[in-house]
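Just so it is clear, none of the values below were taken in a lab; they were calculated from the coordinates. If you're wondering where the values come from, they're calculated on a predicted model, not measured in any experiment. Ideal geometry is used to build each Cβ from the backbone, glycine not excepted, and the neighbour counts take in all protein chains shown.
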Amino acid sequence: MENHEPTLHLISFDICPYAERSRIVLEEKELPYKLTMIDLSNKPDWFLDISPRGKVPVLLVDDKAIFESMVINEFLDEAFEGASLLSDDVVDRAIARSWIVYANDVLLTAYSRVWYSKKDDTEKLERGKKDVVTALTAIEKHLASREEGPYFLADTFGLVDAVYAPVITRLKASRKVFGDFDKGFELWEKYAKLVLGEDSVQAAQAEDLTQKFVTYLEK
Ligand SMILES: N[C@@H](CCC(=O)N[C@@H](CS)C(=O)NCC(=O)O)C(=O)O
């Protein structure tokens, strides 16, 4: 990409939270990009050719494919000017990455257990709900003790917020289907409201996300 502005093409699936993260970063950096939604139940051959894991998101930079949402997001932040979404401080950058792993491995994993539990598997569902509450308890503790805010780690929106945002954009749909077992975390709710108001977060959401996600969850 030396000496020229590359074209950016994001391959996505409309309700995928990982792809939504990368779209938030593209919007946050105000980068022009082409967006293609594919049907994951019928993956096109051209997609399988560029996605070794068969997963979205994939970002085509000119004709080169980058995959894994967090790799895409760090690339976008590093390669382009505009708002910087990771701290200049090496320790703070590591802390952001730590909370990103927490979002992936703990919060999103716990919600996924709830969202994708089979209707008759109440044991899995209840375990998932309990794990969500445990994850939110740790997040609430972090939000209460952080040095800077009102965002997850700083006074400006960052890569860590782009990772928590897609969970937040799915909460309305999730609560319609599974109830509000995850309510009552005051600082998390306040943070969620702030993030939902971000232009980039709104622009990155698929049209009718709540309805589409409810339909998906009810299936
Ligand atoms: N670790 C990946 C996860 C991406 C992912 O799981 N994408 C899902 C959709 S939300 C997918 O493409 N699934 C298709 C499949 O596994 O066949 C990332 O962060 O990009």
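Counting only C-alpha contacts under 8 Å and six or more residues apart, can you give the relative contact order of the chain as a whole percent? Present the calculation step by step, with values, prior to reporting the outcome.
Values: 264 pairs, mean separation 49.2, N = 219.
Here the relative contact order equals 22 percent.
Based on the alpha-carbon gyration tensor of the chain and its eigenvalue square roots a ≥ b ≥ c, which shape applies: rounded if a/c is under 1.5, prolate if not and a/b is larger than b/c, or oblate?
Working: a/c = 1.95, a/b = 1.18, b/c = 1.64.
Oblate, because a/c is 1.5 or more while a/b does not exceed b/c.
DSSP beta bridges in the chain, what fraction antiparallel, as a percent rounded to 5?
65 percent
What is segment 8-79's relative contact order, in percent, from Cα pairs under 8 angstrom and six or more apart in sequence?
41 percent
Simple spin-label model, 7 Å along Cα-to-Cβ: LYS124 to LEU31 in nm?
So the label points at LYS124 and LEU31 sit 3.6 nm apart.
Would you please put 144-151, 161-168, 132-139 in order of how densely packed they are, using the mean number of other Cβ atoms within 10 angstrom per residue and starting with the highest?
The peptides rank, most packed first, as 161-168, 132-139, 144-151.
Taking the chain as a Gaussian network, Cα atoms linked when under 10 Å apart, which of SER22, SER12, SER41 shows the biggest mean-square fluctuation?
Among SER22, SER12, SER41, the largest mean-square fluctuation in the Gaussian network model of the chain belongs to SER41.
For the chain, what is the charge dipole size about the Cα centre, in debye to the nearest 20, if Lys and Arg each add +1 at the Cβ and Asp and Glu each add -1 at the Cβ?
Dipole about the Cα centre, nearest 20: 1240 debye.
Per-residue HN-Hα couplings for segment 156-166, Karplus 6.51 cos²θ - 1.76 cosθ + 1.60 at θ = phi - 60°, whole Hz, x for Gly and Pro?
Taking θ as phi minus 60°, the curve returns 10, 5, x, 4, 5, 5, 5, 8, 6, 4, x Hz for segment 156-166.
Explain nothing, just the number: relative contact order of segment 86-169, from Cα pairs under 8 Å at least 6 residues apart, as a whole percent.
It comes to 29 percent, rounded to a whole number.
Calculate the length of the line joining the C-alpha centroid of segment 111-159 to that of segment 168-206, in whole Å.
11 Å
Excluding same-chain residues fewer than 8 positions from LYS141, which lysines have a Cα within less than 29 Å of its Cα?
Within the straight-line limit of under 29 Å, LYS141 reaches these lysines: LYS124, LYS129, LYS130, LYS172, LYS176, LYS183, LYS190, LYS193.
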